[in-house]
Amino acid sequence: MDTGPVDDADTQLLARISHGDERAFAELVARHSPRLHALALRFTGSAADADDVVQDTFWSAWRKASDWQARGVKVSTWLYRIALNRCIDLDRRRKVRRLVGLDDARDPEEPAPGAEQQAVVRSELAAVSDDVRALPARQRAAILLAATGEAGTGEIAARLGISEGAAEQLLVRARRTLRQKKMAREALGPDGGQPR
């Protein structure tokens, strides 16, 4: 996938942003916010948190535009790295809040649809989403980047700021954990307690 012209345009936008060009900033936001929001939403499980992550990401990009230097890194990779760091920071803050008892109660679940099959599918999707959110932050980030289908191991490594081997290990561990949790759920049966 050749992203040369897009990245050249992004680099030019960042140069204009470093001089306070608000139109260039708006264009950069329009180009990248949908994908960053989708990633943050999958990572956090909350639209409000995803909005905050994206806002923080672009606020940081605005402030640091004059400091940015390509050094072989695409602007989009830099933005993903900022967003993922914000997601990981948010996750750490939540864990601290839970530890000291400040975490609010979970949001109520949406009412289940009438059809039994839809309820089973929704239940499995919720369980898988919970499994992904329970992964360690860096494994979660790697698996979510891989799930988009747009980033290979090299791009995942670049976005996380790690080696390709480390990215591959994160993916292997995350997939193994998710597979084990799914098998454990299946062994318990659909009612969650009766073995099949």
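Per-residue Karplus couplings for the range 16-27, computed as 6.51 cos²θ - 1.76 cosθ + 1.60 with θ equal to phi - 60°, are listed in order as 5, 4, 4, 9, x, 6, 6, 5, 4, 4, 4, 5 Hz, Gly and Pro entered as x. Label reach from ARG63 (point 7 Å along Cα→C-beta): in the range 14-49, amide nitrogens under 16 Å belong to 18.
What is the sum of charges, Lys and Arg at +1 and Asp and Glu at -1, for the other residues whose Cβ falls under 12 Å from the Cβ of ARG16?
Details: positive: ARG23; negative: ASP10, ASP21, GLU22, GLU27.
Residues close to ARG16 contribute a combined charge of -3.
Note that the range 50-56 has calculated 3J(HN,Hα) couplings of 4, 4, 5, 4, 5, 4, 4 Hz, one per residue in order, obtained from phi through the Karplus relation 6.51 cos²θ - 1.76 cosθ + 1.60 (θ = phi - 60°); glycine and proline are x.
Using the Karplus relation 6.51 cos²θ - 1.76 cosθ + 1.60 with θ = phi - 60°, the per-residue 3J(HN,Hα) values for the range 126-139 come to 5, 5, 5, 4, 5, 4, 5, 5, 7, 5, x, 3, 6, 5 Hz, with x marking Gly and Pro. Heavy atoms only, probe 1.4 Å: what % of the accessible area of the range 25-85 goes to carbon and sulfur, would you let me know? Reported share for carbon and sulfur atoms: 50 percent.
Pulled fully out, how much extra length does the chain show between ALA184 and ALA147, if you take 0.36 nm times their separation in residues and subtract their Cα-Cα distance?
Net length gain for the segment: 11.1 nm.
With R₀ set to 41 Å, the beta-carbon distance separating ASP8 from ALA166 gives a calculated FRET efficiency near 0.90. Net charge in the neighbourhood of VAL75 (other residues with Cβ under 14 Å of its Cβ; Lys, Arg +1, Asp, Glu -1) is +2. Positive contributions from Lys and Arg (+1) and negative ones from Asp and Glu (-1), summed over other residues with Cβ under 10 Å from the Cβ of ARG159, come out at +1.
Working out 0.36 nm times the residue gap between ASP52 and ASP21, then minus their Cα-Cα distance, what length gain in nm do you get to one decimal? Display every interim value, and only then the final one.
Numbers: separation 31, 0.36 × 31 = 11.16 nm, distance 2.26 nm.
Computed gain between ASP52 and ASP21 is 8.9 nm.
The values are calculated or read from the model by the stated rules, or taken from the named source; none is laboratory data. Because the structure is predicted, anything quoted here is derived from the model rather than measured. Here the Cβ is made from the backbone with ideal geometry for all residues, glycine too, and neighbour counts use every protein chain on show. SASA here: full protein model, heavy atoms, side chains in, ligands and nucleic acids out. Shrake-Rupley method; radii C 1.70, N 1.55, O 1.52, S 1.80 Å.
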